[in-house]
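The values are calculated or read from the model by the stated rules, or taken from the named source; none is laboratory data. Everything numeric in this text was worked out from a predicted model, so none of it was measured. Note that each Cβ is placed from the backbone with ideal geometry, even for glycine, and that neighbours are counted across all protein chains shown. Heavy atoms of the whole protein, side chains included, go into the accessibility calculation; ligands, DNA and RNA do not. Shrake-Rupley method; radii C 1.70, N 1.55, O 1.52, S 1.80 Å.
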Amino acid sequence: MTYVYDDQNIFAKILRGEIPNKTVLETEHTLVFEDIRPQAPIHVLVIPKGPYVTYDHFAAEASDAEIVDFNRAVGAVCQTLGVTADIGEGCRFISNAGEHGVQEVPHYHLHILGGRRLGRMLEKAAG
Ligand code: 5GP
């Protein structure tokens, strides 16, 4: 595969400490921080520290340790934020990829949105 990672993207700058962020959780391979333009009462972004462009890139090329760390961070932060679907009221996980996915920042990130009922996904086709 030939994904090209742009190390000048905004999340790479956050990882290098060049831009501040509101960190929710940091682990060996993963950073979780608040989205700067929240679209729900709870809106955080989970990113791997490695240079991956999209979910498919991460899933194909990240190490097992990175993938486990990322997913465990998602589980931990959902507990912390109280958005698990068992004792909490649930949330939505979104990862936009590439042009059709309307991805703004070309560093893989998982949005976790919650704190209110979010409505159905993809209600309109406009993009
Ligand atoms: P995408 O459209 O790529 O899935 O989402 C990118 C997200 O990154 C958007 O929700 C946007 O608000 C967020 N974002 C963009 N720049 C910054 C930034 O400098 N800091 C933080 N915390 N979030 C950002």
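Couple of notes before you dig in:
- With DNA, RNA and ligands ignored, accessible area of residue 55 (1.4 Å probe; Å², nearest 10): 130 Å²
- Computed in the context of the full set of protein chains, the accessible area of the chain at 1.4 Å probe radius has 52% of its extent on carbon or sulfur.
- Our estimate of slack between residue 8 and residue 25, defined as 0.36 nm per intervening residue step minus the Cα-Cα distance, is 3.8 nm.
- Contact order, relative form, for the chain: 29 percent (alpha carbon pairs under 8 Å, 6 or more residues apart, mean separation divided by residue count).
- Around the amide H of residue 25, modelled in the peptide plane, lie the amide H atoms of 32, all under 5 Å away and 5 or more residues distant in sequence or on another chain.
- Net charge dipole size for the chain [Lys, Arg +1 and Asp, Glu -1 on Cβ; Debye, nearest 20]: 560 debye
- Averaged over its residues, the chain has an accessible area of 64 Å² per residue, based on protein heavy atoms and a 1.4 Å probe.
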